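The values are calculated or read from the model by the stated rules, or taken from the named source; none is laboratory data. All values reported here derive from a predicted model rather than from experimental measurement. Heads up, the Cβs are rebuilt from the backbone with ideal geometry, glycines too, and the neighbour counts pull from every protein chain shown.
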Amino acid sequence: GRVWDGPLGAGLSRKHIFDAMDQSLERLGVDYVDLYQAHAPDQDAPIEETLEAFEDLVRAGKTRYLGFSNFDRDPA
């Protein structure tokens, strides 16, 4: 699927993160993945929303580890 379709339905919005993960798990025929990674920030989704959604993926047992590349430590 595409990543940058628009706010709240794509990119790193909570809805898109969970929809994309569920589709991937179903397609792969597994209950979890070892690593779920975001390549770059989404300007349309607050970073807090993205981080919380990623943490919830771990809590839900859908992934074991999280990765982030091309993110600033202090986005302010």
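Checking each residue in region 23-55 for being part of a helix (DSSP H, G or I) and in contact (Cβ under 8 Å) with a residue 24 or more places away in the chain picks out 25, 47, 49, 50, 52, 53, 54.
Would you confirm whether or not region 2-15 contains a residue that is out of contact with any helix residue (DSSP H, G or I) (no Cβ under 7 Å at 6 or more places or on another chain) and either of a type in the set (Ser, Thr, Tyr) or modelled with pLDDT of 90 or more (or both)? Yes, some residue in region 2-15 is out of contact with any helix residue (DSSP H, G or I) (no Cβ under 7 Å at 6 or more places or on another chain) and either of a type in the set (Ser, Thr, Tyr) or modelled with pLDDT of 90 or more (or both).
Scanning region 50-64 for residues that are under 9 Å from residue 36 (Cβ atoms) and surrounded by 14 or more Cβ atoms within 10 Å (Cβ to Cβ) yields 54, 57, 58, 62, 63.
Residues that are among the charged types (D, E, K, R), in contact with a Pro (Cβ under 7 Å, 6 or more places away or on another chain) and under 15 Å from residue 13 (Cβ atoms) do occur in region 40-53.
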